[in-house]
1. Looking at region 26-60 only, could you name the residues that are in a strand (DSSP E or B) and free of Cβ contacts under 8 Å to residues at least 40 places away in the same chain?
2. Could you check region 9-25 and list, in sequence order, the residues that are surrounded by 14 or more Cβ atoms within 10 Å (Cβ to Cβ), free of Cβ contacts under 8 Å to residues at least 12 places away in the same chain and in a helix (DSSP H, G or I)?
């Protein structure tokens, strides 16, 4: 089990800090775990699952018809 700090989460997801915290507030991103009085981290497995879910959503979406 590995814990990721915010910078690593941002690198993995290509999201900014404010977007990550916005998604957490919307309950659409894994919640951080407290590590100390001013430190949090995310479980690598939960972040990876979130990324895989985004890929699955993309793959399940209907393909738009293109007309020429």
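The numbers here are math on the coordinates, done by the rules we state, and not lab data. Quantities reported herein were computed from a predicted structural model and do not represent experimental measurements. Counting neighbours? That spans all protein chains shown, and the Cβs are built from the backbone with ideal geometry, glycine included.
1. Correct list: 33, 34, 35, 36, 39, 40, 41, 42.
2. Once the filter is applied, which keeps residues that are surrounded by 14 or more Cβ atoms within 10 Å (Cβ to Cβ), free of Cβ contacts under 8 Å to residues at least 12 places away in the same chain and in a helix (DSSP H, G or I), region 9-25 yields 10, 21, 23, 24.
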